[in-house]
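The values are calculated or read from the model by the stated rules, or taken from the named source; none is laboratory data. Predicted model, so just to flag it, every value in this text is computed and none were measured. Cβ placement follows ideal geometry from the backbone for every residue including glycine, while neighbour counts extend to all protein chains displayed.
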Amino acid sequence: MSSSGPGPMERVQVEIFGQKYNIVGGENPQRIIDVGQYVNEKMLEISAQSKGMSAMKVAILAALNITDQLLQFHEKNSTFIERGDQMISLLNNVVEED
């Protein structure tokens, strides 16, 4: 009998803002590394713009920045889905009229 559950948990070390973190997850290890690098880049970018800011404040600003990007993506994606649904409805109406 085969298991269809998640694969084995991977342990990956990432460095974010000068600190090393051991991340354990079922994701592809490269995906975990990419996410860690993205967070690190955002924190370094914010830190460079705001000299002397504490690591905690940099982390919070990075989280806000990344969340804003995610919400913008979701809004755009929702708009595309709505437009696609509208086009499908229009096409269905045209096909039904023939």
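Taking the criterion of being over 14 Å from Pro8 (Cβ atoms) and surrounded by 14 or more Cβ atoms within 10 Å (Cβ to Cβ), the residues of segment 22-37 that qualify are Ile23, Ile33, Val35, Gly36. Yes or no: Arg31 in a helix (DSSP H, G or I) and either charged (D, E, K, R) or modelled with pLDDT of 95 or more (or both)? It is true that Arg31 is in a helix (DSSP H, G or I) and either charged (D, E, K, R) or modelled with pLDDT of 95 or more (or both).
Provide a single number: the residues in segment 22-49 that are of a type outside the set (A, V, I, L, M) and more than 16 Å from Ile66 (Cβ to Cβ).
Of segment 22-49, the ones of a type outside the set (A, V, I, L, M) are 22, 25-31, 34, 36-38, 40-42, 45, 47, 49.
Keeping just the survivors that are more than 16 Å from Ile66 (Cβ to Cβ) gives 22, 25-30.
Matching residues across segment 22-49 total 7.
Which residues, counting only those in segment 62-93, are in contact with a helix residue (DSSP H, G or I) (Cβ under 8 Å, 6 or more places away or on another chain) and either small (Gly, Ala, Ser) or outside any helix (DSSP H, G or I) (or both)? Break it down into steps so the answer makes sense when it comes.
Restricting attention to segment 62-93, the residues satisfying the condition of being in contact with a helix residue (DSSP H, G or I) (Cβ under 8 Å, 6 or more places away or on another chain) are 62, 65-66.
Of everything in segment 62-93, just one residue is in contact with a helix residue (DSSP H, G or I) (Cβ under 8 Å, 6 or more places away or on another chain) and either small (Gly, Ala, Ser) or outside any helix (DSSP H, G or I) (or both), namely Ala62.
Checking each residue in segment 20-55 for being free of Cβ contacts under 8 Å to residues at least 24 places away in the same chain and among the polar types (S, T, N, Q) picks out Asn22, Asn28, Gln30, Gln37, Gln49, Ser50, Ser54.
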